[in-house]
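Down below is the structure, laid out as structure tokens.
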Amino acid sequence: MKLAKTLAIVVCAGVLSAGALGSAHRAYAQDAEEGAWGTAATANPDESSSPEAKAPPLSIEGCWEGSVNDKADGTGTLFLSFIQSSNGKKLVSSSSFDFEWPDQAFAHGPMKGTVTSKGFKFKGNAGKGCPVSGSGKGDESGMTGTAKFGGECARFFKNVTFSITPGCI
């Protein structure tokens, strides 16, 4: 009986001392035998993700039209045909651009790109030696952006800006 009483006291004392010392410390990756690291902020990756990363991409599929302005050619018209991938994050190669100016200057061709919750980025080619890239920011009702031409086209199309809305006439 005396042994059982002593054993009960030791067990209770152990439980009480564990509670008095606080909860067990959190195990971090750096405690592993091999090199690694971690912090409280990285313990739950979902908590440290930005809201933009969680936001779905804009739904911009279809034809968009608007004005385009070029330093040399002035104001013209831009048509963008957006074809989005099934998850909406990519512009597939059947997407296209068509820049047109009243002086008969133009550039058109296929493009690919990405779509985020804030806008889009694209790269395309208006023929041999005429790469074009650009981006637009805004929402599903309208966007503004810039396009940069390279190669031979860079001699003719400079400081290109645009403003577009969904729907083409």
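The values are calculated or read from the model by the stated rules, or taken from the named source; none is laboratory data. All values reported here derive from a predicted model rather than from experimental measurement. Cβ sites come from the backbone with ideal geometry, for glycine too, and all protein chains shown count toward neighbours.
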key: Matching residues, the range 118-136, being over 14 Å from Leu58 (Cα atoms) and of a type in the set (Phe, Trp, Tyr)   = Phe122
ask   = Checking Thr165 against (1) modelled with pLDDT of 95 or more; (2) over 15 Å from Cys63 (Cα atoms), which test does it fail?
value = (2)
ask   = For the subset of the range 148-169 comprising residues that are of a type in the set (A, V, I, L, M) and more than 12 Å from Phe120 (Cβ to Cβ), which member is farthest from the chain's Cα centre (by Cα)?
value = Ile169
task = Working only within the range 107-128, note down all residues that are of a type outside the set (Gly, Ala, Ser), under 21 Å from Glu152 (Cα atoms) and within 25 Å of the chain's Cα centre (by Cα).
result = Pro110, Met111, Lys112, Phe122, Lys123, Asn125
Filtered residues of the range 60-106 (kept if of a type in the set (D, E, K, R) and under 23 Å from Cys153 (Cα atoms)) = Glu65, Asp70, Lys71, Asp73, Asp98, Glu100, Asp103
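Within the range 111-124, is there a residue that is out of contact with any helix residue (DSSP H, G or I) (no Cβ under 8 Å at 6 or more places or on another chain), assigned by TED's automatic domain parsing to the domain that holds Gly76 and β-branched (Val, Ile, Thr)?
Yes.
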